[in-house]
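One structure below.
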There are 4 protein chains.
Amino acid sequence: MDSVWKNRLTLSLFGESHGPAVGMTLGGIPAGEAIDLDQLFVFLERRAPGRSSWSTSRREADVPEFLSGISNGKTNGGPIAALIRNQDARPADYEAIQEIPRPGHGDFTAHVKYGDHQPGGGHLSGRLTAALCIAGGICLQILDRRGICIGGHIASVVGVSDHLFDPVHVEAAQLSALAAMDFPVLNPEAGRRMIAVIEEAKAAGDSVGGVVECAVLGLPPGLGEPIFGGIENRISGLVFGIPAVKAVEFGAGFGAALMRGSEHNDPFYWSGDRVKARSNHHGGILGGITSGMPLLFRAAIKPTPSIGIRQESVGLTVRESVALEISGRHDPCIVPRAVPPVEAAAAIAICDACLEGNL
Amino acid sequence: MDSVWKNRLTLSLFGESHGPAVGMTLGGIPAGEAIDLDQLFVFLERRAPGRSSWSTSRREADVPEFLSGISNGKTNGGPIAALIRNQDARPADYEAIQEIPRPGHGDFTAHVKYGDHQPGGGHLSGRLTAALCIAGGICLQILDRRGICIGGHIASVVGVSDHLFDPVHVEAAQLSALAAMDFPVLNPEAGRRMIAVIEEAKAAGDSVGGVVECAVLGLPPGLGEPIFGGIENRISGLVFGIPAVKAVEFGAGFGAALMRGSEHNDPFYWSGDRVKARSNHHGGILGGITSGMPLLFRAAIKPTPSIGIRQESVGLTVRESVALEISGRHDPCIVPRAVPPVEAAAAIAICDACLEGNL
Amino acid sequence: MDSVWKNRLTLSLFGESHGPAVGMTLGGIPAGEAIDLDQLFVFLERRAPGRSSWSTSRREADVPEFLSGISNGKTNGGPIAALIRNQDARPADYEAIQEIPRPGHGDFTAHVKYGDHQPGGGHLSGRLTAALCIAGGICLQILDRRGICIGGHIASVVGVSDHLFDPVHVEAAQLSALAAMDFPVLNPEAGRRMIAVIEEAKAAGDSVGGVVECAVLGLPPGLGEPIFGGIENRISGLVFGIPAVKAVEFGAGFGAALMRGSEHNDPFYWSGDRVKARSNHHGGILGGITSGMPLLFRAAIKPTPSIGIRQESVGLTVRESVALEISGRHDPCIVPRAVPPVEAAAAIAICDACLEGNL
Amino acid sequence: MDSVWKNRLTLSLFGESHGPAVGMTLGGIPAGEAIDLDQLFVFLERRAPGRSSWSTSRREADVPEFLSGISNGKTNGGPIAALIRNQDARPADYEAIQEIPRPGHGDFTAHVKYGDHQPGGGHLSGRLTAALCIAGGICLQILDRRGICIGGHIASVVGVSDHLFDPVHVEAAQLSALAAMDFPVLNPEAGRRMIAVIEEAKAAGDSVGGVVECAVLGLPPGLGEPIFGGIENRISGLVFGIPAVKAVEFGAGFGAALMRGSEHNDPFYWSGDRVKARSNHHGGILGGITSGMPLLFRAAIKPTPSIGIRQESVGLTVRESVALEISGRHDPCIVPRAVPPVEAAAAIAICDACLEGNL
């Protein structure tokens, strides 16, 4: 295991949920890019736990310390390294889990693979997405300077659906507005109902899943590569690095499987000196390469595995059935806090493709 | 662009739809693995065009020539290289396309990226999946020897749905039976209706999309890695290398977004000396690592972009609107021929994880 | 084993000395680069066997067949694949070697690693440098168009030394002249003595080692990266891919170990609008990055292991001492034929760094 | 620039000489390997500055802080991250250098590449070898447990030569003895003369170069791969990551160029159930793969560029000649302190090959 994603950019994540820190090294960023740390902290804050009724009560300030790669507010061309200290780690909460794996969680598979050596929560933890967001937050600022903006919202929570982005007319102002929301949705009424559903699940000691939709605007055509270097390959390779993601779809996605070509094919037309498409079922990617239309994708987030409700599990050393009740602090719904990591994954993939395309 | 996928295995694809050949080099396969070329040809034959009413009338024998890596029927430890000559290439069919991009196809983005240099159909072609299938077919045999089998079926065509695999009880015999079918479905009645829909689309000069479902059985727990080295990351990184794929989901996938944790979490129990799960919403992967339950995923295949129906497009050199009618030989539905490439992608990813795990 | 070198460019080699072919896939070359195949053949011809008293009598036309990546004389942006058929393979010559490893050759280590599976000579053969030279020859043309030229000569053969390049004043015309020579040396008298020594060794059934010196001219400052991405790292990573190379030194190299800083440090001065150095002990590389001065390096080539003289070896299956006399066709001195592969390695590394630097 | 070396292991270095810290992330180490931190500190101490007349007077405790990957004294399977805080950084010493590049140093090329953004000394600094040594020290312990030991000595300083290792009979006890020495040499008399030469250079405000020789013992045959995956490729790829290294040779190295095959080829014989060689000109590597004989290589270390003697340089913003006199704290000879980084590079490369070979 190296937890490294490497293409034009190289991202290396490290850390454990209940160890001293999580962090990252990001290589390949050119020298001279201004990085506004306050703006980065605001982005990280959106992911940080402990700020609402729907998130874990674990509190982490999540202020990164930069160790290299940024001098006098600008990148210096060297690898950018940063860490976030874990302040509210409670390994004892996880001790039982070492012996009794949580259903739906990586406890069991980590035990098979790494034995007794990993600490509680270990490296297979949503906490690692804090490190992903440091890298993503840096990339977002670099992209912003190139006229590219990225933003997401909660598309659904257990079947309560927000409006989706208009695939052709989604605008940067919408993304900015979403970034300023505690609970980013396009339809406030849907948001209220989602929160109600989450609080109800919380009260029941349960959790709920949902979908994050993400848009990338301002992309020039021609970024990415065919076959294994496609934008879909890059984004999915990063998005599946977020522990709870179980599915990803681009443009019409699974909806494309229900269509005829005459319906799915997006007609081209000249708009001034640019070729545009009248519809956008292709989600801004054709042959793995950006078309210049908005890039749109959705990621399915499974319900948080750690729930209070009594569950059936097993003892790993004593071969027996165990009824598991988890008492730690957990998110009843990780979807709101998953929005920034999904944006981060997109930002890293797109920044990578921009550098490749010499943007 | 290098069209290389590299982890424990290294797969390098080359070739163009209307050039002399397509092919691949596969590195990392240990010495001494028997490869039955006849069995490999049977697998490639399942993908080859020209054998049914629902596929393109382009005929390609698709018999690979091996250049290295296999001696006396066994791998010799060196890179395995093979090529398939293009026999029925008709570059003239594609000449118009150079100037007028097909809606929904990579013609436009390839033009932006590579200019006038690429030949008709170029490297961004479904024909490259023939090379993917050589690699996949080799991996399938290596996995089979380790008790791991992989198989897929047509889960749906424009809304006509086959049964899905039983996530817990899917069996190897089912996969073998599917591999022997021209039109692999679990429910013959659904298959007949799908074929009817495809033929209807063909008659109309149209095309249709669909979904491929794939299962991997016999996996031990503990393969794969967390974060970016997860089985989901690997499979999606390869599956999105198949040109028409626009979405992928593992286990319950987007369905997980509709669930509560108490419903989604799969209870563990001891079955003899193995830990199993009573349900399989996790699709055999927890924390990026195999759990030992059947691995299940689905890929959405968009409708073939090349259709006979008149479409709106643009001239790329003369800035004008163009009504495009495509007269080449095209599949009205690529879904049946996409089953082997999806299996190939899974086989490469799993073989990679097996070698990593010293299986 | 994947025999892949991957950075900005990706080079994948395949083939076996006594299999059907050797070849390569080169990814990452941009579209639109003119490739003159005749010029490439001339380059390959310099490495090809069978044309002089000092090389093996094995004859191979070594004309590559291009399978993809070049259309109408220009790169098309896709991976470039090419192969060279083996015409004069004689596996029987190597059969004994499977059982009795040649001292100084990789036969023994390949046997330990791959067992009985590899064919005679296998993948660990100098013949693979033909594939390296296809990639290198392509890169040389791309570099030439950017004003960068690369050339080497035989710096010594068993102690008979040619003049070395003047580290500051070496000129492109010298490199062109060397490329046109059958036996490339700066000092014709030294060349004659070298040939005499080689012929003498051949007559004795023996072989001799030597040194190749290589220069890269016309480099701008600023190519390459520090630490593991340095030009030294890239060139050495490729040059040690040539089977007989056992050492590499840049600039003053091992001579730098004999110097004081006041002597070794090359003084900077302004020459018009460029910073130059009055001497060039650094060989054109400082901190892994090109300085704009000529890049100079030398590679030591060991004597060909295959000699006619009786040698002590062992049986690998029957545990016994064996007196080995090799009757195949072998080079008494590989050094002249190693010049193009060394140039090829440099060309690939430099082309890689140029693309990285957007040249 | 990512400063990442990636194969089976992935090593990512970060940090700047005059920034807050240097550090590393090492991925790919299996879970359950005991790491003795005291032993690691002893190894790092050998490289640390400020402890003798021949090293810089900059003092750094160089005690690493581990952030992840080690729990309860054992690796836990996750990436291992560690950092060393810079305590005695004096950026002001380097301010002039930003404007006036030191001859022989990467200041000039870093300026061309990164502009004014990098901090004094930057990422192109010997200080980064502290991070390399953390990784190397971990690998040394893992190798030791597998019966493989690595050790180096100062083979020469400006022409004053130590004895070389006996290529066939070098023993582990010798390596242990060297590791315990402040100034590791095989011949104490040569060591005394080297120290005298270094002190003389220091008094003159000058510096001197030298050679480090390194041995790896206890290797099984069969590690490494042919072509680009050879042990020479791996070691050189890492060793050239040490800023001052300008050359590397394996076994007889450049000496092989002076030999005939009948002299260079090392005769094989059976010694019990192992094949050994009577001599070891091949330095333990044949065809890129270990032979089981001692692995031997030498690296040339150039004289430290920072010297007190007045040198000719240039102003980079004002285009003028400048006489440069450097007043910072610098090593008159980096060779003694380069021994642990060279050992570290070898340890990482060999540990990588061991994991690949499932040792």
Practice problem: May I ask you to list the residues in the range B:283-307 that are among the hydrophobic types (A, V, I, L, M, F, W, C) and more than 7 Å from chain A (Cβ to nearest Cβ)? | Solution: B:285, B:293, B:295, B:296, B:297, B:299
Quiz item: If you go through the range A:320-334 one residue at a time, do you hit one that is facing chain B (nearest Cβ under 8 Å) and in contact (Cβ under 8 Å) with a residue 24 or more places away in the chain?
Solution: no
Quiz prompt | The lone exception for residue A:124 - which of (1) in contact with a strand residue (DSSP E or B) (Cβ under 9 Å, 6 or more places away or on another chain); (2) surrounded by fewer than 23 Cβ atoms within 10 Å (Cβ to Cβ); (3) within 30 Å of residue D:73 (Cα to Cα) it fails | solution = (2)
Quiz item: Is the range B:273-285 home to any residue that is on the phi > 0 side of the Ramachandran plot and touching a Pro at 6+ places or on another chain (Cβ under 6 Å)?
Solution: yes
Practice problem: Could you please find all residues in the range C:195-226 being away from chain D (no Cβ under 12 Å) and under 30 Å from residue D:263 (Cα atoms)? | Solution: C:195, C:196, C:199, C:203, C:214
Quiz item: Is it the case that some residue within the range B:175-185 is hydrophobic (A, V, I, L, M, F, W, C), within 19 Å of residue A:256 (Cβ to Cβ) and open to solvent by 30 Å² or more (accessible area, probe 1.4 Å)?
Solution: no
Quiz item: From the residues in the range C:283-336 that are of a type in the set (Lys, Arg) and surrounded by fewer than 24 Cβ atoms within 10 Å (Cβ to Cβ), which one is modelled with the highest pLDDT?
Solution: C:310
Quiz item: Counting only residues that are over 22 Å from residue A:152 (Cβ atoms) and polar (S, T, N, Q), which one in the range A:248-282 is farthest from the other protein chains (Cβ to nearest Cβ)?
Solution: A:271
Quiz item: For the range A:53-65, how many residues are open to solvent by less than 40 Å² (accessible area, probe 1.4 Å) and either modelled with pLDDT of 95 or more or not in a loop (DSSP other than H, G, I, E, B) (or both)?
Solution: 1
Quiz item: Going by the conditions given, is residue D:236 closer than 30 Å to residue D:305 by Cβ, without any contact (Cβ under 8 Å) to a residue 24 or more places away in the chain and either small (Gly, Ala, Ser) or at the interface with another protein chain (Cβ under 7 Å from one of its Cβ atoms) (or both)?
Solution: yes
Quiz item: Just wondering, is there one or more residues in the range D:128-146 that are touching a helix residue (DSSP H, G or I) at 6+ places or on another chain (Cβ under 7 Å), under 30 Å from residue D:269 (Cα atoms) and in a loop (DSSP other than H, G, I, E, B)?
Solution: yes
Exercise. Report whether or not residue B:229 is in contact with an Asp or Glu (Cβ under 8 Å, 6 or more places away or on another chain) and either at the interface with another protein chain (Cβ under 7 Å from one of its Cβ atoms) or closer than 30 Å to residue B:305 by Cβ (or both).
Key: yes
Practice problem: Return the residue satisfying two criteria in turn: it lies in the range D:337-359 and is open to solvent by 10 Å² or more (accessible area, probe 1.4 Å) and within 19 Å of residue A:1 (Cβ to Cβ), and of such residues it is nearest to the other protein chains (Cβ to nearest Cβ). | Solution: D:358
Quiz item: Take the residues of the range D:155-170 that are in contact with a strand residue (DSSP E or B) (Cβ under 7 Å, 6 or more places away or on another chain) and not small (Gly, Ala, Ser): which is surrounded by the fewest Cβ atoms within 10 Å (Cβ to Cβ)?
Solution: D:164
Quiz item: Among the residues of the range D:4-31, which ones are part of a strand (DSSP E or B), of a type in the set (A, V, I, L, M) and open to solvent by less than 10 Å² (accessible area, probe 1.4 Å)?
Solution: D:11, D:13, D:21, D:22, D:24, D:26
Practice problem: Looking only at the range D:78-125, count how many residues are part of a loop (DSSP other than H, G, I, E, B) and modelled with pLDDT under 90. | Solution: 12
Self-check item: Filter pass, residue C:344 being of a type in the set (Gly, Ala, Ser) and in contact with a Lys or Arg (Cβ under 8 Å, 6 or more places away or on another chain)
Solution: no
Exercise. Could you check residue A:35 against (1) modelled with pLDDT of 95 or more; (2) within 14 Å of chain B (Cβ to nearest Cβ) and say which number it fails?
Key: (2)
Practice problem: Could you tell me whether residue A:236 is more than 20 Å from the chain's Cα centre (by Cα) and of a type outside the set (Asp, Glu)? | Solution: no
Practice problem: Tell me, yes or no, whether the range B:243-258 has at least one residue that is over 24 Å from residue A:250 (Cα atoms) and at pLDDT 95 or above. | Solution: no
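The values are calculated or read from the model by the stated rules, or taken from the named source; none is laboratory data. Fair warning: this is a prediction, and the values are worked out from it, not measured in the lab. Neighbour counts run over all protein chains shown; Cβ positions are idealised from the backbone, glycine included. Surface areas here come from the heavy atoms of the whole protein model, side chains and all, with no ligands, DNA or RNA. Shrake-Rupley method; radii C 1.70, N 1.55, O 1.52, S 1.80 Å.
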